[in-house]
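The values are calculated or read from the model by the stated rules, or taken from the named source; none is laboratory data. Remember, it's a predicted structure, so these values are computed and weren't measured experimentally. Heads up, the Cβs are rebuilt from the backbone with ideal geometry, glycines too, and the neighbour counts pull from every protein chain shown. Accessible surface is based on the protein model in full, side chains and every heavy atom, while ligands, DNA and RNA are left aside. Shrake-Rupley method; radii C 1.70, N 1.55, O 1.52, S 1.80 Å.
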There are 6 protein chains.
Amino acid sequence: MKAKTAKQSLAITTKLVLPNDTNTLGNLFGGELLAWMDVISSISAHRHCKRVVVTAAVNNVSFQQPIKEASIVTLEAKVSRAFTSSMEIFVDVFVEDNVTGKKVKCNEAIYTFVAVDQNGGPIAVPKLIPETEEEKQRYEGALRRKQLSLILAGKMKPDDAMELKKLFMGG
Amino acid sequence: MKAKTAKQSLAITTKLVLPNDTNTLGNLFGGELLAWMDVISSISAHRHCKRVVVTAAVNNVSFQQPIKEASIVTLEAKVSRAFTSSMEIFVDVFVEDNVTGKKVKCNEAIYTFVAVDQNGGPIAVPKLIPETEEEKQRYEGALRRKQLSLILAGKMKPDDAMELKKLFMGG
Amino acid sequence: MKAKTAKQSLAITTKLVLPNDTNTLGNLFGGELLAWMDVISSISAHRHCKRVVVTAAVNNVSFQQPIKEASIVTLEAKVSRAFTSSMEIFVDVFVEDNVTGKKVKCNEAIYTFVAVDQNGGPIAVPKLIPETEEEKQRYEGALRRKQLSLILAGKMKPDDAMELKKLFMGG
Amino acid sequence: MKAKTAKQSLAITTKLVLPNDTNTLGNLFGGELLAWMDVISSISAHRHCKRVVVTAAVNNVSFQQPIKEASIVTLEAKVSRAFTSSMEIFVDVFVEDNVTGKKVKCNEAIYTFVAVDQNGGPIAVPKLIPETEEEKQRYEGALRRKQLSLILAGKMKPDDAMELKKLFMGG
Amino acid sequence: MKAKTAKQSLAITTKLVLPNDTNTLGNLFGGELLAWMDVISSISAHRHCKRVVVTAAVNNVSFQQPIKEASIVTLEAKVSRAFTSSMEIFVDVFVEDNVTGKKVKCNEAIYTFVAVDQNGGPIAVPKLIPETEEEKQRYEGALRRKQLSLILAGKMKPDDAMELKKLFMGG
Amino acid sequence: MKAKTAKQSLAITTKLVLPNDTNTLGNLFGGELLAWMDVISSISAHRHCKRVVVTAAVNNVSFQQPIKEASIVTLEAKVSRAFTSSMEIFVDVFVEDNVTGKKVKCNEAIYTFVAVDQNGGPIAVPKLIPETEEEKQRYEGALRRKQLSLILAGKMKPDDAMELKKLFMGG
């Protein structure tokens, strides 16, 4: 299976926040944004592996500021690292200033998808080649995040999480 | 402000997976479940603090198995720890066997909400009193997860994350 | 088939009234509430009989007061009586005071569901055992309501409706 | 206030059952139909009184047969009787045969709406003039149904329900 | 195949503009109205040919004035001309004055549908008989519009568009 | 007001066809696609003029082939010409092959938006500078389409439609 660049998996969607999408404060409803990010991540994961993919996990979504009704919101998703059959995807969320048109990043999320066959069993996916500085950083961090998930789920001992230990032990 | 027990914030919702809620495999669409969890978490957070609350973060949602159309799904949300103005909420998701009625846990998620005033500024919330064994465990873990978020966001040095260091250094 | 208690069929759902759910007065749209009650009743009916169930009738839903946007609404459904293949379900609707958290009942509805096989034919369901005072009252009333429906539909003569006649004739 | 004929309040809507509207059996979801009937009834009530109206009650909806996906469904709503500030509306639901185009009645429902002012207080509505045989029958029955609701709600003694007593006592 | 009158294909739907249907100015969202018109046109086309129909084109929809939230909107669709397997449908949109009840036309659209078999192949449809003056005008215009579409799509030479040439050359 | 290039108004959205979006044949529902195109066109128009915009017209949408459930669909919208206060927008719709990832164009639509002030009155918008060959062609065609609309609406005499006459008279 031929490795692919991160850029090949880029998926972009631009949306308008309609009344239908708001919470009781008149801002974009958090649950709606989570759903939007899930869809665009799944499209990015699909573009990387060309398989049916299912959401495996959501990590570290942070909502730094409310997004008002009538905002134009752009979501950009890109695979940050591919493991055997799972892919980590970064979604960056931008809001556009209504007067200047300048895009400001307002959210970031990390989703994990798995490629599956007809019975829901995992299928191998191509490796990912990071190219830009940011892609490389995210690629590096993916391993630490994976170890962290395994530890939190009780499936790995802290002692075996080499990447993470470095972080805390100056290693 | 009077501290409250975890139990006082319990919020439960039971739902039927309708065609409207499915992905292209005929299972509950991940984005929809994320939205459902967001709503029930916000209700739990509100019950704890009686304030307007907004989603601040989503951490460690894992989708362990697909949930089929026509399933009866129950979400149970409870505050696991309260900080100055933020609250960590655990959502447990159960699916009910259609014949025996037995509930099986199939998902777990951790959301963070913040209590806000009219201008979106943070408001102090009551402390949380964990009572059961599980509530205590989740209460303890919340601090580690908070430190971890701060480190990942570059707002805390690994050296200052006392709780986390113990995990890796046998401390 | 073993009889079951009313409590075994209890189904609870707690919801937040989002802008998406409102009518043009900014209150919960009546049609949306009817749909919510339909779903939770069907879950209660399913829990009683463990069969596929379909809505057969809706009776006596009264909307006593508007439910405002941003309200937390709890619906509790419980089978009140089981006949051969049909089940009468009571849904109680509560709204929560945003400051005190006190729940106030604001609506009540009675739905009837029928258990069906693959061809839509009726299937026998277990008998219901009422336990509390309220459960017993609702159980008693169910027969009167059934006779009333049959009379209104022209399928029973008023003279044969023993339970109802008592009401009017001091019997 | 000038009385109006029943016909003046007629409201018709024709809909296509889309996948979005179905239950897990592939038929029109009962809750969706209840919402459709609520909207068309409110339009009929509005046409009668030209006021803002809110749902007050739903009585005697019976679902006689499932409505399949892709069906063309027509709802016809007409005020059957007007009281001081409330109006009883009948909704007849028809399904169209896909080959012959023949419409078959498959459901019937009775809704009650109240005309309200800006504070939610009741406003008087015009009287209704029934013209056809069916309109007259429904007009007559409306009083019995109103008395019945009051008795069931504990707001009228069975002895005072003249119309209903006749039904049971041969009066 | 027996020809049918335009009137036989008339399809009417009356709707209430709910918050759910609005754009960020509080008016009916254009995309929602386009979807409503698509459904009612497809019902009209189906009534004419009794076949499965799919949208082939949308032409000349003009939005002359915003439709406010809480408006009562009526859509009337009628086949204007039938070709071999395609049908042109006119949709007229009316808004009702909330006080006088007077209906004012506020939009008009022309949709084209095609009757298809199980494989998506075209099926012949009955001819249309226009009766009223308006029906005849729209019937005549349909040919010009069809030629225009073919020219714009590069499938017909302007010289062969007899009907259209008359318009410009006084022929 | 400074003129802008067509490219500056480009708006892209990528979507997954969910069961929720399908018609009764299991393909993307035409009305849903019309709504998607309306939103992305409005974003493109907004990017050009930085004003509140409303849909004025939809012209020449053709649905050349059904789009199946689970397809990845990309919509690209770009202003093709700006008049005093209106803008014509082209939307190109592409479907992605699930195996090769190759995008195939499957639909095209032309929408017109108008920039409006708080009272709904028109506001002047910047001129458009077409750059590529396709942008120039679409820019040229826009005038003919505008004349055509005016003629069809009875607001211009065929004799005054210079651009259109050339088409038919070999001019």
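Things to note:
- Lys, Arg +1 and Asp, Glu -1 on Cβ, resulting dipole of region F:4-129 about Cα centre, debye, nearest 20: 580
- Take each residue in D:109-120, count the other chain C-beta atoms within 10 Å of its C-beta, and the mean is 2.
- Efficiency of FRET between C:Thr100 and C:Gln64 - r from beta-carbon atoms, R0 30 angstrom, step 0.05: 0.90
- Dividing the summed helix terms, -39500 (n - 2.57) for each DSSP H run of n ≥ 4, by the number of residues in chain F produces a 222 nm estimate of -9500 deg cm²/dmol to the nearest 500.
- Between identical copies, the spacing of D:Leu10 label points, each set 7 Å from Cα toward the C-beta atom, reads 1.0, 5.0, 5.6, 5.6, 6.0 nm from nearest to farthest.
- Across region D:83-92, computed HN-Hα scalar couplings (Karplus, 6.51 cos²θ - 1.76 cosθ + 1.60, θ = phi - 60°) run 9, 3, 10, 10, 10, 9, 10, 9, 10, 9 Hz from first to last residue, x flagging Gly and Pro.
- Teacher prompt: D:Gln64 distances to equivalent labels in other copies, 7 Å Cα→Cβ, nm: 3.4, 4.2, 4.9, 4.9, 6.2
- Computed over chain B with a Gaussian network model linking Cα atoms closer than 10 Å, the most mobile of B:Thr13, B:Thr132, B:Thr100 is B:Thr100.
- Relative contact order of region A:92-171: 14 percent, from C-alpha pairs under 8 Å at least 6 residues apart in sequence.
- Sorted from shortest to longest, the distances between the E:Glu133 label points of this copy and the other copies are 4.0, 5.1, 7.5, 7.5, 8.7 nm, with each point 7 Å from Cα along the line through the beta carbon.
- Relative contact order, whole percent, for chain B stands at 24, derived from Cα pairs under 8 Å and 6 or more residues apart.
- Centre-to-centre separation between the Cα atoms of region E:47-61 and those of region D:106-142: 37 Å.
- The trypsin sites (Lys or Arg not before Pro) found in region D:55-135 that occupy coil by DSSP, while having at most 16 further C-beta atoms within 10 Å, are D:Lys102, D:Lys127.
- If R0 equals 30 Å, the separation of the Cβ atoms of A:Ile123 and F:Leu10 corresponds to a calculated FRET efficiency of about 0.30.
- Bridge orientation summary for chain B: considering DSSP beta bridges with both residues in this region, about 95 percent are antiparallel.
- Angle in degrees between helix E:30-49 and the longest Cα principal axis of chain E, rounded to the nearest 10: 50
- Averaged over the residues of peptide E:7-19, the number of Cβ atoms from other protein chains lying within 10 Å of each residue's Cβ is 6.
- Using a simple spin-label model with pseudo-atoms 7 Å out from Cα toward Cβ, C:Glu133 and E:Asp160 lie 8.7 nm apart.
- Pairs beyond 28 Å (Cα-Cα), from C:Lys105/C:Lys155; B:Lys146/C:Lys103; B:Lys136/C:Lys50; A:Lys4/A:Lys105: C:Lys105/C:Lys155; B:Lys146/C:Lys103; B:Lys136/C:Lys50
- Residues of type aspartates and glutamates that A:Lys166 reaches as a straight line, Cα spacing below 12 Å, ignoring anything fewer than 8 places off in the same chain: B:Asp159
- Looking at the protein assembly as shown alone, DSSP beta bridges between its own residues are antiparallel in about 95 percent of cases.
- The residues of the protein assembly as shown present an accessible area of 44 Å² per residue when probed at 1.4 Å with all protein chains retained.
- Counts of other chain beta carbons within 10 angstrom of each beta carbon in peptide E:39-52 average 4.
- Cross-link reach list, aspartates and glutamates versus C:Lys127, counting only Cα pairs under 19 Å and skipping chain neighbours closer than eight places: C:Glu88, C:Asp117, C:Glu135, C:Glu140
- Helix E:133-152 vs. chain E, principal-axis angle (Cα, 0 to 90°, nearest 10): 70
- Stokes-Einstein D for region E:4-129, Kirkwood Rh over Cα pairs, 25 °C, 0.890 mPa s (µm²/s): 163
- Qualifying trypsin sites (Lys or Arg not before Pro) in region E:1-56, where qualification requires a DSSP coil assignment and no more than 10 other C-beta atoms within 10 Å, comprise E:Lys2.
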